[in-house]
1. Would you kindly state how much longer the chain becomes between E125 and K331 on full extension, computed as 0.36 nm times their sequence separation minus their alpha carbon distance, in nm to one decimal?
2. At 0.36 nm per residue, minus the direct Cα-Cα distance, what do Q276 and D301 gain on full extension? Give it in nm, one decimal, please.
3. Which of the peptides 327-337, 88-98, 248-258 is most tightly packed, and how do the rest follow, going by the mean number of other Cβ atoms within 10 Å of each residue?
4. So which chymotrypsin sites (Phe, Trp or Tyr not before Pro) in segment 213-307 pass both tests, a DSSP loop state and at most 13 other Cβ atoms within 10 Å of the Cβ?
5. Here is the link list: K298/K322; K162/K228; K278/K311; K228/K290; K278/K337. Which ones come out longer than 18 Å on Cα distance?
6. What's the FRET efficiency of N76 with M229 using the Cβ-Cβ distance as r and R₀ = 30 Å, to the nearest 0.05?
7. Using the crude model of +1 on Lys and Arg Cβ and -1 on Asp and Glu Cβ, and no other charge, please compute the dipole size for segment 277-343 relative to its Cα centre, in debye to 20.
8. How much length is gained on full extension from K166 to K312, taking 0.36 nm per residue of separation minus their Cα-Cα distance?
Amino acid sequence: MDRRKFINLSGLGITSFSIPNFIQSTNPSNLIQPIVASTWDAGMRANVAAWEVLKNGGQALDAVEQGVMVTENEINCCVGLDANPDRDGFVTLDASIMDHQFNCGSVAFLERIKHPISVARKVMEKSPHVFLVGAGAQAFALANGFKLESGTLSEQANKNYKAWLKTSNYQPVINVEKNQSVTYNDPAFNAPKKLTDGEWNHDTIGMIAMDQFGNLSGSCTTSGAGFKMRGRVGDSPIIGAGLYVDNEVGAVVATGQGEDVIRVAGASAVVEWMRQGKSPELACKLVVEKINRIKKEKAKDIQVCFVAINKKGIVGAYALQKGFNFSVYNKEGNTLKDAGYLI
Ligand code: SD4
């Protein structure tokens, strides 16, 4: 309560009601319950690192960076340097990060750097820009202490690439995961999932979080679409498409067919529905429905998914197709949930 309102209320003789409220709002024991949500089941492992930051009173921005770094680090993973290459055989990475004050940073078409999310944060904090790409992004990373990695494909990516070269037919794969809702109350949950050829069909982790101060942040990191054209960039590093945070309203992250998320400014559109009072899940659904309308009969060939959080700390998600799951960690534990879907 601000001072003027307090004085006005005391003039109305209701100070006895106002004082406890005032005390309550400044009482540290009354801080907001933190929460983190992320895309797919890889989010279960990423959430553990994010929760470590949040439960110790850390900031959402640190949580969403450290959380997705876990996925970027995973061996034989479809996110980060171990992921599928573009059609010329090079892994190119995109990432973005945004805090509660509209600060944001992105990198795209970044090669041979292990943690694109941390480069994106450096762009946000140490450059006058928002978005760096390609050789310039790599030079910026090297100038800021990042190491140039070898550029050799991982064993699994090499196998996948060789198989793809047999036809060299670029066809986006619909991103789905086996549906499986489960709650892990063990805060140390860290069961790595062994990926098999058939399951390696999404390439992104997005994460949104609210810290104990009620501040929101988000991050997104991806290898993009496997076997994409060289230079192709998806939605993940595009602020407003793959990620958006408005601390007055909520935070949203996307995964799936980036081209179709970009054309509706997806994450920003979900935030705007929440601003109009829609729940996070309904806000995601309304944007998925718009994509479905635009794509018409081609909608069945793609997947798009959103995860959103509002200022009350409520998380919701929605996907175009069956098979999208998302991970949520709060004081009750780490839970993998199936998202609702349209078709
Ligand atoms: C992209 N949205 O580059 C990403 C891909 C993705 O799971 O989410 N894959 O279009």
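1. Full extension from E125 to K331 adds 71.1 nm.
2. Answer, rounded to one decimal: 5.9 nm.
3. The peptides rank, most packed first, as 248-258, 88-98, 327-337.
4. Loop-located and lightly packed - F213.
5. Cα-Cα > 18 Å for K228/K290; K278/K337; rest within.
6. 0.75
7. Using only the charged Cβ atoms, the result is roughly 240 debye.
8. Between K166 and K312, full extension yields 47.5 nm more.
The values are calculated or read from the model by the stated rules, or taken from the named source; none is laboratory data. As the structure is a computational prediction, the values presented were derived from the model and not from experiment. In this analysis, Cβ positions are derived from the backbone assuming ideal geometry, glycine residues included, and neighbour counts consider all displayed protein chains. Surface accessibility is based on the protein's heavy atoms, side chains included, excluding ligands, DNA and RNA. Shrake-Rupley method; radii C 1.70, N 1.55, O 1.52, S 1.80 Å.
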